[in-house]
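Trainee: Take this structure first; my questions come after.
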Amino acid sequence: MKLAELLKIPFLLESKVICGFQGLNRDVRSVNMMDAPDIIDFVKPDELLITTAYALKDHPEELVALIPELSAAGCVGLGIKKRFWSAIPQEAVAVANEVGFPLIELPLNVSLGDLINQAIDSILDKHADTLRNALKSHRQFSSLILKGQGIPEIVRDLAELLDSPAVLLDQRLSLISASSHFRKQAYQDLLPHIRESAGQLPNEERTFISFLADAAPEGLNYIAAHPILTYQPQGFLLILQQSAELQPLPVMIMEQAANVISFELLKKQAVKERSRRYKNDLFTDIVNGFMTSEQELIHRGMRYGLAEVLPSLCIVIKQDEELGRRGNALPPSEEQQLSRREELYEVLKDAFRSRGHSFVLFSNKDQFVLILSVSKDKTNPMDTERMLREQLTEISDDLYHREGISLSVGVGNPVDRLTELPVTYKEAVEAWETAHSSKKRRFVQFYHVKKLTDLLRMLPIEELKKYYDDTFKELNRLEAKERQDLMRTLVAYHDNNCQIAETAKQLFVHRNTVVYRLEKCEQLTGRKIRNTSDNLRFKVAYLMEQLIDAE
């Protein structure tokens with residue numbers, strides 16, 4: 001209840017505001033009596049004090065010192081019954097005007113006890129009336145859902161109840177619903193400003209006020225925003241208003257609308273999650289090869305958008321592990337992880353849809369799997385791979401720079417039958433694992449037949465080191481300079497197909513030097529340089545050295 005409203009109750013009609021008129025729009029939640037100057041430690045925010053000023057009658061300077069402290073403590077104003085003063089001290093009036101603190105001259109014919117009782121009754125009546133209206137609005141919003149209507153109708157009724165434009169945005173600030181005001185171009189032009197303002201608000205369960213734009217139509221330069229929360233942030237419910245203040249009744253009505261919208265979204269989310277779970281289970285069975293009938297595959301997959309558009313390939317997408325948490329940050333909770341995965345699912349779906357792809361997206365444990373239809377035109381397969389790589393890289397880079405999400409991608413080869421989807425899925429997984437084992441991040445890896453280094457990389461690093469050490473034996477124990485010369489000669493010899501003359505030419509040394517070094521290598525390793533099996537062993541060991549050094 002505003003102080004200006006409270007002054008209209010019968011016992012305060014004859015009161016007179018002496019100064020601090022700018023404070024009359026403050027909210028009053030309680031009324032208390034001041035009988036001593038040390039009241040400052042007991043003052044509550046939004047409280048109106050009344051007093052006879054008996055304790056101050058001989059020390060008006062104490063009132064002058066007390067006024068700024070009361071204002072800073074959130075006190076609404078001070079009502080004084082002038083039984084012991086002929087007039088309120090001018091010094092106190094000046095200070096009160098300076099801080100915008102109302103001083104009120106109370107009528108002498110009203111007892112302070114009666115005044116407090118009537119004031120508190122009025123405040124409670126006002127609050128009860130607000131609650132009744134809020135409850136009425138809650139019933140109105142709930143009845144819409146019970147009648148089979150939905151969120152657009154709630155937003156419409158909210159705008160009518162508050163006589164103000166209303167908007168509902170999702171967690172990514174995309175428009176879900178808006179009142180009829182936004183059919184006008186002036187309000188449509190305002191939507192980017194509304195999104196910008198909402199994007200700076202925290203997801204706390206209370207209503208915020210934010211400046212919108214000077215150019216807003218009808219002087220609606222502010223938005224009152226209330227977050228929509230379920231087990232995760234769902235967006236904001238907003239109304240436009242001319243004032244920078246939050247009024248109790250509109251705030252309560254907004255809260256009731258937000259609560260009903262939250263329950264409706266929660267219901268829709270539960271339905272979507274159940275459907276998503278069925279979808280994930282179905283396509284996980286498909287890519288794992290548990291469904292071998294093409295007719296059944298098409299029949300069951302059609303519901304989720306699987307079309308007999310061939311060739312098709314699988315793409316496996318995984319979020320990169322965080323390199324480290326800042327400070328003592330706790331790991332995300334299960335609800336936060338679910339929220340992030342849900343958000344990432346929607347972001348990926350929008351990214352591929354906006355590029356005109358025909359696809360099915362589903363989750364398989366920590367993976368997102370995409371069954372993507374490939375163009376049937378006569379484009380060179382290498383060109384198709386290049387274009388797809390560019391698009392996947394573009395999506396990955398966009399998510400990283402815009403959302404701060406680091407993703408890595410594995411891509412399988414196209415297949416001509418839906419029953420072959422397990423093949424391309426397995427290839428996509430292997431492509432991802434191959435790149436991941438090389439300590440890469442934010443990669444786009446296509447599946448190709450593995451090179452020897454790829455196969456070696458699948459072995460434990462300890463086994464590679466054991467094989468490498470056993471191959472070169474005493475050669476590894478030489479001084480660095482001598483070992484380097486012998487190893488360079490050995491590698492050059494094998495690179496030149498065991499031709500001594502070509503090896504000497506490449507190293508710029510005499511052929512006898514090459515022969516001497518090769519003989520020493522045979523002695524140190526115990527292996528024959530010209531033996532076919534030992535020759536192969538040396539070449540494999542050279543490849544292992546690259547992998548060991550990369551660790």
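The numbers here are math on the coordinates, done by the rules we state, and not lab data. These figures come from a predicted structure and were not determined experimentally. Glycine also receives a Cβ, built like all others from the backbone with ideal geometry; neighbour counts cover every protein chain displayed.
Trainee: Report the charge-dipole magnitude of the chain in Debye, nearest 20, computed about the Cα centre from +1 at each Lys and Arg Cβ and -1 at each Asp and Glu Cβ.
Mentor: Roughly 2300 debye for the chain.
Trainee: Distance from the Cα centre of the range 467-537 to that of the range 357-436, in angstrom?
Mentor: One Cα centre to the other: 44 Å.
Trainee: Oh, and also: Using a simple spin-label model with points 7 Å from Cα along the Cα→Cβ vector, what separation in nm is obtained for Arg386 and Asp170?
Mentor: Simple spin-label model gives 3.6 nm for this pair.
Trainee: Using the charge dipole of the chain (Lys, Arg: +1 at Cβ; Asp, Glu: -1 at Cβ; taken about the Cα centre), state which of Gly100, Ile18, Val491 has its Cα farthest towards the positive end.
Mentor: Val491
Trainee: If the reach is capped at under 22 angstrom between alpha carbons, list the lysines near Lys2, excluding any in the same chain fewer than eight residues apart.
Mentor: Lys16, Lys44, Lys81, Lys126
Trainee: Let's test the formula: R0 of 25 Å, r as the Cβ-Cβ distance of Ala36 and Lys2. What FRET efficiency results, to the nearest 0.05?
Mentor: Between Ala36 and Lys2 the formula returns 0.35.
Trainee: With label points built 7 Å along Cα→Cβ from the Cα atoms of Asp58 and Gln185, find their separation and express it in nm.
Mentor: Taking the simple label geometry, Asp58 and Gln185 are separated by 7.7 nm.
Trainee: Show which lysines lie in cross-link reach of Lys147 when reach means a straight Cα distance below 25 angstrom and same-chain residues fewer than eight apart are skipped.
Mentor: Lys136, Lys267, Lys268, Lys272
Trainee: Answer rounded, prolate or oblate for the range 150-268, using the Cα gyration tensor with square roots of eigenvalues a ≥ b ≥ c: rounded when a/c is under 1.5, else prolate when a/b is larger than b/c, else oblate.
Mentor: rounded
Trainee: Only bridges with both residues in the chain count here: give the DSSP antiparallel percent, nearest 5.
Mentor: Approximately 75 percent, going by the DSSP bridge assignments.
Trainee: Rounded, prolate or oblate, given the Cα gyration tensor of the range 371-521, with a/c below 1.5 counting as rounded?
Mentor: Prolate, since a/c reaches 1.5 and a/b exceeds b/c.
Trainee: Working out 0.36 nm times the residue gap between Asn531 and Ser437, then minus their Cα-Cα distance, what length gain in nm do you get to one decimal?
Mentor: Gain in length upon complete extension: 30.5 nm.
Trainee: Say R0 is 41 Å: what FRET efficiency, to the nearest 0.05, do Gln295 and Arg274 get from their beta-carbon distance? Before the final figure, lay out each step's value.
Mentor: Values: r = 26 Å, r/R0 = 0.63.
My answer for the efficiency is 0.95.
Trainee: Can you list, bin by bin at 10 Å, the percent of alpha carbon pairs in the range 96-195, starting at 0?
Mentor: Result returned by the calculation: 12, 26, 21, 17, 17, 8, 0.
Trainee: How much net charge surrounds Ala213 when only the other residues with a Cβ under 10 Å from the Cβ of Ala213 are counted, with Lys and Arg +1 and Asp and Glu -1?
Mentor: Charge balance in the 10 Å sphere: -3.
Trainee: Taking N as the number of residues in the chain, what is its Cα Rg relative to 2.2 N^0.38 Å?
Mentor: Relative to the rule-of-thumb radius for its length, the chain sits at 1.60.
Trainee: Using the 10 angstrom Cβ neighbour count as an exposure proxy, how do Ile145, Ile154, Ile50 rank, fewest first?
Mentor: Sorted ascending by nearby Cβ count, the order is Ile145, Ile50, Ile154.
Trainee: Additional query: How many percent of Cα pairs in the range 458-550 exceed 20 Å?
Mentor: Result for the distance tail: 34 percent.
Trainee: What does the extension gain come out to for Ser354 and Glu463, with contour length at 0.36 nm per residue minus their alpha carbon separation?
Mentor: So the extension gain works out to 34.5 nm.
Trainee: Dividing the Cα convex hull volume of the range 200-270 by residue count, how many Å³ per residue is that?
Mentor: Cα convex hull per residue, to the nearest whole number: 91 Å³.
Trainee: Fully extended, how many nm does the chain gain between Leu266 and Asp495 (0.36 nm per residue separation, minus their Cα-Cα distance)?
Mentor: Working: separation 229, 0.36 × 229 = 82.44 nm, distance 6.65 nm.
Going from the current span to full extension adds 75.8 nm.
Trainee: Shape of the range 1-106 from its Cα gyration tensor (a ≥ b ≥ c, root eigenvalues): rounded if a/c is under 1.5, otherwise prolate when a/b > b/c, or oblate?
Mentor: Note, shape of the range 1-106 comes out rounded.
Trainee: Follow-up. Straight-line reach from Lys439: which aspartates and glutamates fall under 16 Å, measuring Cα to Cα and dropping same-chain residues less than 8 apart?
Mentor: Cα-Cα hits under 16 Å: Asp320, Glu321, Glu322, Glu430, Asp454, Asp549, Glu551.
Trainee: Can you figure out the FRET efficiency of Ser111 with Ala244, using R₀ = 35 Å and their beta-carbon distance, to the nearest 0.05?
Mentor: Working from the Cβ atoms, E equals 0.35.
Trainee: When the helices in the chain are scored as -39500 (n - 2.57) per DSSP H run of 4 or longer and the sum is shared across all residues, what 222 nm value do you end up with, to the nearest 500 deg cm²/dmol?
Mentor: Value at 222 nm, helices only: -16000 deg cm²/dmol.
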